[in-house]
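These notes are about the structure you will find just below.
The values are calculated or read from the model by the stated rules, or taken from the named source; none is laboratory data. The model shown is predicted, which means the values in this text are computed figures rather than measured ones. FYI the Cβ positions are ideal-geometry reconstructions off the backbone, even for glycines, and counts take in every protein chain you see. With ligands, DNA and RNA removed, areas are computed over all heavy atoms of the protein, side chains included. Shrake-Rupley method; radii C 1.70, N 1.55, O 1.52, S 1.80 Å.
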Amino acid sequence: KRQGLDYAVMRVSNPYGTYQRADRGQGVVSVFLHKLIKDEAIDIWGNGLVVRDYIYIDDVIDAALRLVEYQGKNKVFNIGSGRGLTLNELIADMESLLGRKAKANYLPGRVFDVPENVLDISQAFREFGWQPRVSFREGIGQLIRDLQEKKQRAKNLVI
């Protein structure tokens, strides 16, 4: 507590899920999935071996709700899957679920890209019993179903 305020900080890895907008160029999962669906080229800086930690948005919300009730002394928590995926693995999962091959455009690597970033989420589990429940593959499957339902609703819209 400082100045009578209680606080907690969530350091969230790379969240993805329904309603994430691919047209803004943020969120590699959403951008790559939309490009794959539209049969557009996916730009990958480097060889696709950079590793990141991706977390489904429902798991982030679950962590936030638990953290609101948390009364412990620790104030900063990593919220991620605790597991890393390369960009190549991410694309392979999407290809497998969609049944189509991505058009990957490998570009020269960038010096500022950190080779690996996976969060240690053990403190969140120890302190308030949180751990992610949705695997990357399950989350992508749900995102694909959500996009298909959205597309179907748009087709059924009567103007």
- Would you check which residues across the range 58-68 are under 11 Å from the mean Cα position of the chain (by Cα) and open to solvent by less than 20 Å² (accessible area, probe 1.4 Å) and list them? Asp59, Val60
- Item | For Ile55: the one exception among (1) under 25 Å from Gln123 (Cβ atoms); (2) modelled with pLDDT under 95; (3) crowded, with 17+ Cβ neighbours inside 10 Å | (2)
- Item | In the range 83-105, the residues that are farther than 20 Å from Leu143 by Cα and open to solvent by less than 50 Å² (accessible area, probe 1.4 Å) | Ala104
- Item | Number of positions in the range 69-82 that are touching a residue at least 60 places away in the same chain (Cβ under 8 Å) and open to solvent by 50 Å² or more (accessible area, probe 1.4 Å) | 1
- Leading residue by the ranking (modelled with the highest pLDDT) among those in the range 106-134 that are surrounded by 14 or more Cβ atoms within 10 Å (Cβ to Cβ) and small (Gly, Ala, Ser): Ala124
- Query: Is one or more of the residues making up the range 134-157 over 21 Å from the mean Cα position of the chain (by Cα) and within 15 Å of Arg11 (Cα to Cα)?
  - Reply: no
- Task: Being farther than 20 Å from Gly72 by Cα, of a type outside the set (Lys, Arg) and part of a helix (DSSP H, G or I) is the filter here, so list the residues in the range 121-140 that pass it.
- Result: Phe136, Glu138, Gly139, Ile140
- Message: Consider the range 1-60. How many of its residues are touching a residue at least 40 places away in the same chain (Cβ under 8 Å), more than 27 Å from Pro108 (Cα to Cα) and among the acidic types (Asp, Glu)?
- Response: 2
- So how many residues does the range 115-129 have that are under 17 Å from the mean Cα position of the chain (by Cα) and in contact (Cβ under 8 Å) with a residue 60 or more places away in the chain? 4
- Message: Condition check: touching a helix residue (DSSP H, G or I) at 6+ places or on another chain (Cβ under 9 Å), at pLDDT 95 or above and at negative phi. Does Asn78 satisfy that?
- Response: yes
- Of those in the range 1-51 that are of a type in the set (A, V, I, L, M) and farther than 30 Å from Trp130 by Cα, the residue surrounded by the fewest Cβ atoms within 10 Å (Cβ to Cβ) is Ala41
- Query: So how many residues does the range 91-120 have that are part of a loop (DSSP other than H, G, I, E, B) and either touching a helix residue (DSSP H, G or I) at 6+ places or on another chain (Cβ under 9 Å) or over 21 Å from Asp59 (Cα atoms) (or both)?
  - Reply: 12
